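Heads up, the thing below is written out as structure tokens.
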Amino acid sequence: MARKLNTYQTSLGFFDQAIAAPSMKAALEAWGADSNLFHQGAAKESDDPDVIAATLAKPGVVLKRPVGSTGPFREHAELPDKLGVGGKPKEAPRKPKKRKPQKAAGRPADKAAERKGALAYEREQARRERQQAKEEAARQKERERRQRAIDEAQAALEEAEREHAERAAAFRAEVDAIDKRSQAEVARWEKERERLAAALRRARG
């Protein structure tokens, strides 16, 4: 069953942000907040008829306007063009206008309109979830690609190390064989030299 939407408002970075959502938790998720801005006093449920009307026209969509400004909320807002020290607007902070209580100002006039807005919110939420799933799938694909590249590089390194170890072992075997032949040649020559020297001595008589 579609849940009734409320309008929530906060300020993040250079923008005031507002959204029509069924709960504070849903608003925080849409804003991408990593802490409870409502408990911190940085977010609230809006009672501004203009803000409520703008958000209910696009349920579930985060609307923005330059922080500290009084202009309308839009889906795509430009950065403030006049910033003072610390990135705050140069103009003096505006005082909130006192409004007369308007019981249903800016809200759907009937249950059918409320249901329509709630369904629109659910569609936007589903679209956002699909987009997040698509982005996560892309990130997962990139992680898998990188892992494959790592695995291939690791396998190539291990294969090269194996080949090097085999060649080094073959070289050592060749060196050992040469050492043995060299030692055998030294021993042979000693015997031959002694034999020839003895023959020379006999010849000299």
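In table form, for the structure just shown:
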{"item": "Filtered GluC sites (Glu not before Pro), region 163-205: DSSP coil and at most 15 other beta carbons within 10 Å", "result": "none"}
{"item": "Residue-wise HN-Hα coupling along region 58-73, computed from phi with Karplus coefficients 6.51, -1.76, 1.60 (Hz; x: Gly, Pro)", "result": "9, x, x, 9, 6, 9, 9, 8, x, 4, x, 8, 10, x, x, 7"}
{"item": "For region 139-146, Karplus couplings with θ = phi - 60° (6.51, -1.76, 1.60), whole Hz, Gly/Pro x", "result": "5, 5, 4, 5, 4, 5, 4, 5"}
{"item": "Violating pairs (Cα-Cα greater than 26 angstrom) within the set LYS4/LYS44; LYS44/LYS64; LYS64/LYS141; LYS44/LYS111; LYS111/LYS134", "result": "LYS64/LYS141; LYS111/LYS134"}
{"item": "Those aspartates and glutamates that a straight Cα-Cα span of less than 20 Å connects to LYS180, excepting residues fewer than 8 apart in one chain", "result": "GLU190, GLU192"}
{"item": "Karplus (6.51, -1.76, 1.60) ³J(HN,Hα), θ = phi - 60°, over region 158-169, in Hz, Gly and Pro reported as x", "result": "5, 5, 5, 5, 5, 4, 4, 4, 5, 5, 5, 5"}
{"item": "By average C-beta atoms within 10 angstrom, highest first, the peptides 9-18, 42-51", "result": "9-18, 42-51"}
{"item": "Reach of LYS191 by Cα under 19 Å, taken over aspartates and glutamates that are not fewer than 8 positions away in the same chain", "result": "ASP179"}
{"item": "5 angstrom amide H check on PHE15, placed H, neighbours 5+ away", "result": "VAL67"}
{"item": "Protein accessible area in region 164-205, 1.4 Å probe - carbon and sulfur %", "result": "57"}
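The values are calculated or read from the model by the stated rules, or taken from the named source; none is laboratory data. Since this is a predicted model, take the numbers as computed values, not measurements. Virtual Cβ from ideal backbone geometry, glycine too; neighbours counted across all protein chains shown. Side chains are part of the model used for accessible areas, which takes the heavy atoms of the whole protein and leaves out ligands, DNA and RNA. Shrake-Rupley method; radii C 1.70, N 1.55, O 1.52, S 1.80 Å.
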